[in-house]
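Reading through the structure tokens given below for one structure.
The values are calculated or read from the model by the stated rules, or taken from the named source; none is laboratory data. Not measured: the values here are computed from a predicted model. Cβ sites come from the backbone with ideal geometry, for glycine too, and all protein chains shown count toward neighbours. Surface areas here come from the heavy atoms of the whole protein model, side chains and all, with no ligands, DNA or RNA. Shrake-Rupley method; radii C 1.70, N 1.55, O 1.52, S 1.80 Å.
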Amino acid sequence: MYHAVATDPNDATRALSVTPEAFAEQMAVLADRGLTPLTTAGLAAGWRSGRPLPERPVLITFDDGYEGVHRHALPVLAKHGFPATLFVSTGWLQGPYDTGGGLDTMLDWDQVRELAAAGVEIGGHSHSHPQLDQVSDATLRFELIHCKEIVADQLGTVPASFAYPYGYSSRRVRQAVRETGYAQALAVGNGLARRAQGPYALRRVTVRRGTGVDEFERVIEGRAIARTFARDRALTKGYALVRRTRQARRLVSRSGL
């Protein structure tokens, strides 16, 4: 899971960005190790049909829609012939639906169309990037449906895959994603994706600015993942408890109890 690919990102995106040089090196590692990238839709379709996946499959995904995905990542992907998946927050992209919420320089729709034409699957990532498990049912439906309709309008194809903003979901959110028509969805979890996770809770591992090539190699080989992301998982569990408490308080408040 990537976010920004940038030489000089701003403070808001720096920690979850990678330099163009690091991204190129990481893609070379995938090629040298014989991994076979595929799209999120391709992975899910293979698992649904029972058809064998390509040897050593891997997903390359980008969240949010930062301009560096087009400027820096696309040429590297094209060099290796790698497909990928970009999950866009439609209200963050430059153009007619821009709400001004983007954290750094964002893609415009012409660039998104060029990425799609080059073999990058375009998926949904909500409209305004909220914590979906904390919003009302009406807001949840709006975020999912509006994002899907905008992508379909701009690209002429309905997005099949979704990624949860911040990686947060709940049974209610996953059901809404399914009912909106997305066929599969990605979380974070910092673990390898397994078929047993189901199509709406597939895990990914985070690549960030501090990810060195040795750590990247260990992660793609499935080695020492629990140790590498131990702190992330502890923080995630703690914050999940906080979010559940907040949601329960909201429900009590709405019921008037």
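Give me the percent of the accessible area of the stretch 65-222 that comes from carbon and sulfur atoms, probe 1.4 Å, all protein chains in place.
48 percent
For an R0 of 30 angstrom, estimate the FRET efficiency from the Cβ-Cβ distance between T105 and K79 and round to the nearest 0.05.
Calculated transfer efficiency: 0.85.
If you find the alpha carbon centre of the stretch 27-71 and of the stretch 80-138, how far apart are they in angstrom?
Cα centres, the stretch 27-71 to the stretch 80-138: 18 Å.
Run through every distinct alpha carbon pair of the chain and return the Kirkwood hydrodynamic radius in angstroms, one decimal place. Present the calculation step by step, with values, prior to reporting the outcome.
On the way: mean 1/r = 0.0535 Å⁻¹.
With all distinct Cα pairs of the chain included, I get 18.7 Å.
Go ahead and set up a Gaussian network model of the chain, Cα springs under 10 Å, then flag whichever of H125, H80, H70 fluctuates most.
H80
Name the residue farthest towards the positive end of the dipole of the stretch 1-94 from the options A73, A44, S89, assuming +1 on Cβ of Lys and Arg, -1 on Cβ of Asp and Glu, about the Cα centre.
So the residue we want is A44.
Normalising by the residue count of the chain, find the relative contact order in percent from Cα pairs under 8 Å and 6+ residues apart.
It rounds to 17 percent for the chain.
Not counting ligands, DNA or RNA, and with a 1.4 Å probe, what is T139's accessible surface area in Å² rounded to the nearest 10?
Accessible area, nearest 10 Å²: 60 Å².
Count neighbours as other Cβ atoms within 10 Å of each site's Cβ, and list the GluC sites (Glu not before Pro) in the stretch 1-109 that are DSSP loop with at most 15 such neighbours.
Within the stretch 1-109, the qualifying GluC sites (Glu not before Pro) (loop, at most 15 other Cβ atoms within 10 Å) are E55.
Please state, to two decimals, what the Cα-based radius of gyration of the stretch 107-228 comes to when divided by 2.2 N^0.38 Å (N = residues).
Dividing the Cα Rg of the stretch 107-228 by 2.2 N^0.38 Å gives 1.15.
Report, to two decimal places, the Cα Rg of the stretch 1-102 normalised by 2.2 N^0.38 Å (N = number of residues).
That works out to 1.18 for the stretch 1-102.
Work out from phi, with θ = phi - 60° and the Karplus expression 6.51 cos²θ - 1.76 cosθ + 1.60, the ³J(HN,Hα) of each residue of the stretch 19-24, listed in order in whole Hz, and give x for Gly and Pro.
6, x, 5, 5, 4, 4
On the full set of protein chains, 1.4 Å probe, figure out the accessible area of D133 and give it in Å² to the nearest 10.
Rounded to the nearest 10, the figure is 20 Å².
Output the antiparallel fraction of DSSP beta bridges having both residues in the chain, as a percent to the nearest 5.
5 percent
Please report, in debye to the nearest 20, how large the charge dipole of the stretch 1-123 is about its Cα centre when each Lys and Arg carries +1 at its beta carbon and each Asp and Glu carries -1 there.
So the magnitude is around 620 debye.
Count the net charge of all other residues whose Cβ sits under 14 Å from the Cβ of A24, scoring Lys and Arg as +1 and Asp and Glu as -1.
Cβ neighbours under 14 Å give a net charge of -1.
Which value in Å is the Kirkwood Rh of the stretch 47-190 over different Cα pairs?
Mean inverse Cα-Cα distance, inverted, gives 15.5 Å.
From Cα pairs below 8 angstrom and at least 6 apart in sequence, can you work out the relative contact order of the stretch 32-138, rounded to a whole percent? Intermediate results must be reported in sequence, preceding the final value.
Numbers: 157 pairs, mean separation 28.9, N = 107.
Computed value for the stretch 32-138: 27 percent relative contact order.
Could you tell me whether the stretch 108-176 comes out rounded, prolate or oblate from its Cα gyration tensor? Rule is a ≥ b ≥ c as square roots of the eigenvalues, rounded for a/c under 1.5, then prolate if a/b exceeds b/c, otherwise oblate.
Since a/c reaches 1.5 and a/b is larger than b/c, the shape of the stretch 108-176 is classed as prolate.
Using alpha-carbon pairs under 8 Å, 6+ residues apart, how would you state the relative contact order of the stretch 72-190 in percent?
After rounding, I find 23 percent.
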